[in-house]
Structure formats: C-alpha cells, structure tokens
Amino acid sequence: MAELSETTQQSIDYSQRIPNNVDLTNDRALQRALEHWQPAFLHWWDETGPVNTSQLQVYLRTAVSVDREGWANFGYVRMPEYRWGIFLTPQDEHRKINFGDHKGEPAWQEIPGEYRSTLRRIIVTQGDTEPASVEQQKLLGATCPSLYDLRNLFQVNVEEGRHLWAMVYLLHRYFGRDGREEAEALLQRRSGDPNNPRILTAFNEKTSNWLAFFMFTFFTDRDGKFQLCALAESGFDPLARTTRFMLTEEAHHMFVGESGIARVLQRTCEVMRDKKLSDPAQVRAQGVIDLETLQRFVNFHYSVTLDLYGADISSNAASFYTGGLKGRYEETKINDDHSLSEAHYTVQEVENGKIVDRQVPALTALNARLRDDYTREIQAGIDRWNRIPETFGIPVRITLPHSAFHRKIGNFAGHYISPEGRVLSKEEWERHSPEWLPSDEDHAFVGSLMGRVVEPGRFANWIAPPARGIKNLPIEFEYVRFS
Ligand SMILES: [Fe+2]
Ligand SMILES: [Fe+2]
C-alpha cells in the first residue's frame, strides 16, 4: 500500500515510472490524464488482480523500449511495482492505408471525425478484454502446479494489464473527454458481475482451474491475436502501431496455453502407458486428467471463443473494412483488390435440418473469414498436441468440434448441433451434450487435482515439467520468491 500512495503524489518521473516511446514527458495534457488514471488502475489491480500477491517477488519480463534489447528485460519484481509501459512500434512515415475506400491515402495520425465513435467503440471493446482476463484468473495463484507455472500466470496477468494501458493511452491521447470516461469505465466493469459485466460473453465465464487457464490462453488469447492482427492493419496509425507491439507479448500467452496442455497430455499419456490403462475412470484414479475430459474442455473453449468473432454476416464488419478501420488477417499479404467489391466468400448455415454452404459477398463475411483463419491456426496446434499420444502409442486423438457446435452467436445460434456437425433435435442435444461439454462433475474432478506446489523444481502430479525453463534458466529456478 505504501507504493500505492507514493504513486498518487504529483512529482513522478513518468518516463521512469511509465516506460514509453510516446514522449510522455513533453505531453503535459496526456501526462495529467494518466496521472489521474494510474492510481485508479493500481486500485483496480489491488482489488481484483491476482489475490494475495503484492509481496511476492516474481521473475518477470518488462518491456522498457521497443528495440530488441529493451522489450524483454527480466528480473524480480513485486507486481504492484511492475512498470506498465506504453509502446508503439516505430512510425513508418510513408505508411498508407492498404484497404477499403481510403486505400492509397496516407495512414491517419489523428482520428477522422466521421470514424471517431466507431473507433472508440472498437478500442473500448478490445481494451475491455484485457482487465477481464486478469479478473477471471485472479484466484489461480492459490492452486499453482509449480513455481514455473505461477510465474507464467503472473507474466500473462501483468501483460494483460499493459494491454489495458495500451488501449487507455489511445483513449486519453486521441478521444478527449469521452476517451477519459471510457478509460474510467474500463476499470469499473467486472468479469461476471451481473450488474456491470465485461462487454463480451467469453470474458464473463469463470477460469476456475489451471486446465481452464491453459485452454483459455490457447484458444481465447489466440482470438486476441487475430483481433489484434486485424487492428494492426488499421488506417488509424497509432492503433496499428500499438496493436503490433501487443502482438509480441501475445505470443508468450499462447505459448503458455499450448505448452500447458501439451504437458497435461504428456503426463496423462505417460501414466496410461506405464499402467496400461485406457478406461477414463481408471486414468482419473491415478490423479491425472483423462483424455475424454480434455476433449470436453477443448469443445467448450473452442466454441465459446468462436462466438467472440461475432455474427458470420455483419454489416458492421463490412463498414469497419470499407472505412479502413479494421483489415483482414495479413491484409497486405493477400493478393486481391483490397476493396472486396466483387468477391464472394463461403459461409455455412442450417437449411432443412442440414448444414449447407452459402456464397455471400465477401465484404459482409469478414468476421467469418477471420474466424476461419483462426481455426486453421488452432487446428495446427491441435495437430502438434496429437503427436504426444501418437508417440506413446495411444490411439486417442484430440479433435476440433464442427464450428457449428454449441454456438450462441452467428448462423448457428439457436440450433442444436453435434461436434460432427449433425443437426439435432433439442431432446437429442439434451441427451448427448453431457458427453460433449464439461459437466459439474468434470469441474469437480479437475478442481480436486488442483493443489499448490511451490517448491522449486517440483510439479503437480497431473502435469509434466516443461522442456526448458524461462530464458534458459533451469526448471528448478526460484521463479517466484515468497519473501
Ligand atoms: Fe492482451
Ligand atoms: Fe493475452
């Protein structure tokens, strides 16, 4: 708390306290706005960030500049003292808008009046997910499977905090008073609060155990990556540059998820091979997570994350594109007219009890397209996971459910569809869905495995150690100190 009150004093060296490459010391208005916002941010962190962690010393990466040496400084930090910085990838003065009606014009350095409220909404929606995930994960520290994992959780948490700073910087710098109000509101909404929830549904779900955390960082942080990639194409240059830098951090979050699940698979497969087991109840009796439960978690996290892409057919997505606000994934690598005036795209929908393809104007199907790009990357990750049971000679494979499965938004909302893509009656769905989605009992079982392992180099029984430590340090390094 001493730290907290110190930061509320006026005389702060902001280039020190807030590492940045936006010349904060010479922007008095912005400095003043951030001087107001920072104590509120720290209060939010204290109230709803990782529980009981303010005294821990965590071996964290802090970005202090955007160049190669500066963006990944490692050292022990108490999290409330983490230096949440503001970084944009350096400006390319010749950058042009690469798509939509403004294609070929110089990228905007200030916000065009006609797009002001739309851009604000886009930035607030992105910004809202960042503190939300910290809130969802706040209790996980109490049940960490190792110090290595605990440190990774906290790294993800402080960086999501920095991503909030990144969006708040844009709101304060470019949107005046309504930007400041939105920045306040970002600290007031709470994940799962029925009265003042976070904006997107998946960010109001609980992340109640480490299996859910690894699934979340694999599936949902990767949605974050694709949204950021689309915004990194924006004609509004500060947004493009901010999100580009965020992507460097997002890569680690997805690594945490992918390697986390891989280690769970590794451990389960070891036990199945050594004890010659395949029955899930017997596998569970060994204190590891059976492959069937893993599959149900995959089904859940994949389907709720797909909903984050919004409606398959969307006039908003079309106008974001035409306006030059939000591009496609890897827009500049795509070889077409970048205006999509003639192009078509295939989406799927339910017709007469079957899933059918439909050609629609590509401009209206940009959400579906981004989601399909995402699914390709997810599938590649699943294929990597599946090498693990293969190596152990275990015939089970993790599969992705059909994109129509368990959807609440888009063309399949209101339909009952099996993981294989078969349209079902409500009764059939109710009969079978417990086989497909994690039950209360699955959660209770996974929850029962969650102990607290904090002895350096030790790992909970349900997860294998990682292949290597952070920054080439040994696995038994003391990644978190408790004094
Ligand atoms: Fe983020
Ligand atoms: Fe993330």
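Rule-based calculations on the coordinates, nothing more; no lab input. Computed from a predicted structure; not experimentally measured. FYI the Cβ positions are ideal-geometry reconstructions off the backbone, even for glycines, and counts take in every protein chain you see.
Overview of values
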| quantity | calculated |
| --- | --- |
| Relative contact order of region 69-180, defined on C-alpha pairs under 8 angstrom at six or more residues apart (%) | 34 |
| For region 328-483, size of Cβ-based charge dipole, Lys and Arg +1, Asp and Glu -1, in debye | 440 |
| Alpha-carbon centroid distance for the pair region 303-370 / region 121-200, whole angstrom | 27 |
| Bridge type composition, the chain - antiparallel percent by DSSP, nearest 5 | 90 |
| Which of L139, P197, F219, positive extreme of dipole for the chain (C-beta unit charges) | L139 |
| Residues I388, I334 arranged by fewest to most Cβ contacts within 10 Å | I334, I388 |
| Separation of the E377 and R468 label points, Cα + 7 Å toward Cβ, nm | 2.3 |
| Gain in span if fully extended, E105 to D27, counting 0.36 nm per residue against the direct Cα distance | 25.3 nm |
| In order through region 414-430: 3J(HN,Hα) via Karplus (6.51 cos²θ - 1.76 cosθ + 1.60), integer Hz, x for Gly, Pro | x, 9, 10, 9, 6, x, 7, x, 8, 7, 10, 7, 4, 5, 4, 4, 5 |
| Interchain or long-range residues, amide H under 5 Å from H344's placed H | A362 |
| Distance (nanometres) between label positions extended 7 Å along Cα→Cβ at K96 and L139 | 5.4 |
| Distance-filtered residues of region 439-466 - backbone nitrogen under 14 Å, label point 7 angstrom along E270 Cα→Cβ | 457-466 |
| Theoretical ellipticity at 222 nm over the chain - DSSP helices of four or more residues, -39500 (n - 2.57) apiece, nearest 500 | -15000 deg cm²/dmol |
| Approximate spin-label separation E35-T332, in nm, with each point projected 7 Å along Cα-to-Cβ | 3.8 |
| Under the Karplus curve 6.51 cos²θ - 1.76 cosθ + 1.60, θ = phi - 60°, whole-Hz ³J(HN,Hα) for region 281-292, x wherever Gly or Pro sits | 5, 6, 5, 4, 4, 8, x, 10, 8, 5, 5, 5 |
| Given K138/K426; K326/K354; K103/K333; K206/K275; K206/K408, the pairs whose alpha carbons are separated by over 25 Å | K138/K426; K326/K354; K206/K275 |
| Most positive-pole-ward Cα, G457, F477, S439, against dipole of region 439-483 from beta carbon charges | F477 |
| For the chain: relative contact order, % (alpha-carbon pairs under 8 angstrom, 6 or more apart) | 18 |
| Amide H contacts under 5 Å for A72, placed H, 5+ residues apart | V64 |
| Chain lengthening between K408 and E342 when straightened (0.36 nm per residue, less Cα-Cα) | 20.8 nm |
| Cα centre as origin, Lys/Arg/Asp/Glu Cβ charges: the chain dipole, Debye | 660 |
| Likely footprinting exposure, S208, S65, S234, fewest C-beta neighbours within 10 Å first | S65, S208, S234 |
